[in-house]
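Worksheet: the structure to be examined is printed underneath.
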Amino acid sequence: MRAVVRVEERVAETPTTVTLRFRYEPDASPGQFVMVWLPDDDELPMSLSYTRGTLKGVTIKAMGETTRRSLGIAPGQRIGIRGPYGNCFDPTPRRILVVAGGSGSAVLAPAVEAARALGGEVTVALGATTAPELLFRERFEAMGARLVLATDDGSAGEKGFVTGPAERLLREGSFDAVWTCGPEVMMRKVVSAAGAVGLPVRCSVERHMKCALGMCDACALGPFHVCVDGPVFTDRQLASAEDFGRFHRDASGRRRPL
Amino acid sequence: MADLSVDLAGLRLRNPFLLASGVWGESGESLAGAHRAGAGGVVTKSIGSVGRPGYPNPTIESYDGWGLLNAMGLPNPGIDEYPQEIAAARAAGATVIGSIFGADPGEFADLARKMAATGVAALELNLSCPHAEGYGTEVGGTPAEVGAIVREVVRAVRLPVIAKITPNTSDPAALAEAAERAGASAVSAINTVRALAIDVRLARPVLAHGLGGLSGRAIKPVGLACVYQIFSRISIPLVGVGGISTAEDALEYLMAGARAVEVGTAVAFEGIGVFGRLASGLSVLLDELGLGSAREAVGLAHRGAGRGAASPA
Ligand SMILES: Cc1cc2nc3c(=O)[nH]c(=O)nc-3n(C[C@H](O)[C@H](O)[C@H](O)COP(=O)(O)OP(=O)(O)OC[C@H]3O[C@@H](n4cnc5c(N)ncnc54)[C@H](O)[C@@H]3O)c2cc1C
Ligand SMILES: Cc1cc2nc3c(=O)[nH]c(=O)nc-3n(C[C@H](O)[C@H](O)[C@H](O)COP(=O)(O)O)c2cc1C
Ligand code: FES
């Protein structure tokens, strides 16, 4: 369905990320996304960072022109929402390693909440360029997840990419499943590190989206359409998508290196 | 078991169900997926001379199963980037029909040559997109324009040429006649019906482009009327398009005069599995009606109907 809703609440999460909360009835599960229409601007795919009840939310990181403008959206403003679309995370594994980078926490936070509600033990390896950009650090802590941080500049946690601590945790720890969302090169590394220790991975993947109905082909990834077959994929599915971690398609459908 | 295979302008198709242009048509793997799902052939996204990102979102408004409004704006990677996609589809065994759009006869002919070189089995000319400025209906809206483009393309390539015409005109059959006179091997009808959606809370059109094209179940009667009228005015084969989601819909088109049909929007509402269901459903339906093949059904609804009966009263 599609509805035009008022922004009820705006939370500045990091210097480049904002959460917008709004009332939207349809049931949703962690992992699913909506198309967010900023009138007179653009309509973009955004994961639901709050899925429970009617007060839903999206958490938008400034990546380009429209997302940068969306930081300026104020409570009371009207936006369009359609969805929710796509599949979700299975919250049942007992011991989960979560690897989040960039805006990846937006989709992973509600998923971790669901896993914790079922009594799952969750370790979150959270990475960002710098400490203030660590998205949902407090929210993960409040859920009782164990946090391991990494920043490019070393201002919090380990210095370097989050794949460093993630690979170490995978070697040392005992987990039943791995979830990841973030830059695709990061996710590719996580998938291969988890594969090396025989753990199944669920990976939330982004592609250019237009229809979100599995029709226009904009989001084609190998044999899949991310909008309906994903956005959450298994490591085994991704093994059949040669482009994962290497190529994406731009708005014209042209294949481009990531 | 009824025989579903059909001949379309020299192409032998295992069944009459083609993937419509613009759906699952940007990537070769998607085209291959439609073939594996049972499509008798696949029509590519309409491809132009250079890449286009298309219009900004929102590009789609969905009406709960009965229709879909779109103004994608002909996004495509450009003909020079497209051969790799066709190669992937052909490697999977798909019969590929290359759709092209241009601004004038010369550009169409040039694209036709390049598309032919990719190894497609036939060409479909998009003379009918209702919302792309400088293309589609704007260059293929009159019989003279259709004739000029088709003539130039037929001269440029040896492949069967299918002219896809618009319903957004008072006499679509006149466009089909012009295509036939200019040497087209077949005509496909219809493209989407010009349409609009407005959001009352925002007091503005929903689609970024404003006007769009309606597809899906809502337009089936419109497409049927076009095919029915065109059938009695041309002798080349017809491909019926518009709102097909069940075997019975498809049989209506065959009986109206279509030799084959294209399926687009049903993929959004029912998934790609719709092709398998359509083929098995048509086979059962033909058996039930005592028809031995899909070919036998073509034009049946015209039996006893004189020329007068083919036009609206
Ligand atoms: C399923 C899914 C869930 C997402 N969830 C989130 C989220 O929770 N939080 C978040 O901050 N971001 C999320 N994104 C990414 C977000 O959609 C893009 O960052 C955003 O579209 C960029 O828009 P822009 O106009 O600012 O960027 P542009 O300046 O247009 O481009 C910047 C980058 O964004 C990509 N992009 C542009 N338009 C689209 C589009 N229509 N679809 C997909 N990518 C596009 C481009 O490929 C480019 O790499 C998600 C993407 C997908 C596919
Ligand atoms: C999202 C979308 C994109 C389309 N793109 C094209 C296109 O590029 N070229 C074209 O000739 N027709 C295009 N069409 C029109 C379809 O091929 C078809 O003629 C129309 O949708 C009616 O069939 P349907 O009701 O089965 O969808 C598009 C339709 C849709 C819904
Ligand atoms: S966004 Fe159109 S097919 Fe996925």
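Taking the Cα-to-Cβ direction at A:Arg168 and at B:Leu289 and moving 7 Å from each Cα, how far apart do the two end points lie in nm?
7.1 nm
If you count the DSSP beta bridges with both ends in the protein assembly as shown, what percent of them are antiparallel, to the nearest 5?
50 percent
For chain A, calculate the relative contact order in percent as a whole number, restricting contacts to Cα pairs under 8 Å that are 6 or more residues apart.
So the answer I get is 16 percent.
With r as the distance between the Cβ atoms of B:Gln84 and B:Arg113 and R0 = 25 Å, compute the FRET efficiency 1/(1 + (r/R0)^6) and round to 0.05.
That gives a FRET efficiency of 0.90.
How much of the accessible area of the stretch A:2-85, probe 1.4 Å, is carbon plus sulfur, in whole percent?
It is 46 percent, rounded to a whole number.
Accessible area drop of at least 10 Å² (1.4 Å probe, protein heavy atoms): which residues of the stretch B:6-32 qualify, relative to the chain alone?
Flagged in the stretch B:6-32: B:Gly22, B:Val23, B:Trp24, B:Glu26, B:Ser27, B:Glu29, B:Ser30.
Residues of the stretch B:48-145: accessible area per residue at 1.4 Å, in Å²?
32 Å²
With all protein chains present, how much of the accessible area of the stretch A:95-257 (probe radius 1.4 Å) comes from carbon and sulfur, to the nearest whole percent?
Ligands and nucleic acids excluded, carbon and sulfur reach 50 percent.
Return the FRET efficiency for the residue pair B:Arg303, B:Trp66: r is the Cβ-Cβ distance, R0 is 30 Å, and the value is rounded to the nearest 0.05.
Step by step, r from the Cβ atoms, then E = 0.45.
Probe of 1.4 angstrom, ligands and nucleic acids ignored: what's the accessible area per residue over chain A, in square angstrom?
Heavy-atom SASA per residue in chain A reads 39 Å².
From the helices alone, meaning DSSP H stretches of at least four residues, give me the mean residue ellipticity at 222 nm for the protein assembly as shown, per-run term -39500 (n - 2.57), in deg cm²/dmol to the nearest 500.
That comes out to -8000 deg cm²/dmol.
Classify the stretch A:198-258 as rounded, prolate or oblate from the Cα gyration tensor: take a ≥ b ≥ c as the square roots of its eigenvalues, call it rounded if a/c is under 1.5, otherwise prolate when a/b beats b/c and oblate if not.
oblate
If a/c stays under 1.5 just call it rounded; otherwise compare a/b with b/c (prolate if a/b is bigger, oblate if not). Do that for the stretch B:6-304, with a ≥ b ≥ c from the square roots of the Cα gyration tensor eigenvalues.
rounded
If I model a spin label as a point 7 Å beyond the Cα along the Cα-Cβ vector, how far apart are those points for B:Val50 and A:Ala12 in nm?
Distance between label points: 4.1 nm.
If you take the accessible area of A alone, add that of B alone, and subtract the area of the pair, what total do you get in Å², probe 1.4 Å, to the nearest 100?
Buried area (both sides, nearest 100 Å²): 2800 Å².
Quick check: at a probe of 1.4 Å, how many percent of the accessible area of the stretch B:218-279 sits on carbon and sulfur atoms?
57 percent
How high is the relative contact order of the stretch A:124-258? Use alpha-carbon pairs under 8 Å, at least six apart in sequence, and give a whole percent.
Relative contact order, the stretch A:124-258: 15 percent.
Mind checking the stretch B:153-215 for trypsin sites (Lys or Arg not before Pro) that DSSP puts in a loop (not H, G, I, E or B) and that have at most 11 other Cβ atoms within 10 Å?
Sparse-neighbourhood loop trypsin sites (Lys or Arg not before Pro): B:Arg158.
Tell me, in nm to one decimal, what length is gained between A:Glu141 and A:Leu258 on full extension, where the rule is 0.36 nm per residue of separation less the Cα-Cα distance?
Full extension from A:Glu141 to A:Leu258 adds 38.9 nm.
What does the charge add up to near A:Lys61, with Lys and Arg as +1, Asp and Glu as -1, over the other residues with Cβ less than 14 Å from its Cβ?
Net charge in that neighbourhood comes out at -2.
Compute the Cα gyration tensor for the stretch A:26-182, then decide on rounded, prolate or oblate, letting a ≥ b ≥ c be the square roots of its eigenvalues: rounded whenever a/c is under 1.5, prolate when a/b is larger than b/c in the other cases, and oblate in all that remain.
It is oblate, given that a/c is not under 1.5 and a/b is not larger than b/c.
Net charge around B:Ala112, counting only other residues with Cβ within less than 11 Å of its Cβ (Lys, Arg = +1; Asp, Glu = -1)?
0
Obtain the nm distance between the two label points defined at B:Asp171 and A:Leu71 by a simple spin-label model: each point lies 7 Å from its Cα along the Cα-to-C-beta direction.
6.0 nm
The values are calculated or read from the model by the stated rules, or taken from the named source; none is laboratory data. Remember, predicted model here, so these are calculated numbers, not experimental data. Heads up, the Cβs are rebuilt from the backbone with ideal geometry, glycines too, and the neighbour counts pull from every protein chain shown. With ligands, DNA and RNA removed, areas are computed over all heavy atoms of the protein, side chains included. Shrake-Rupley method; radii C 1.70, N 1.55, O 1.52, S 1.80 Å.
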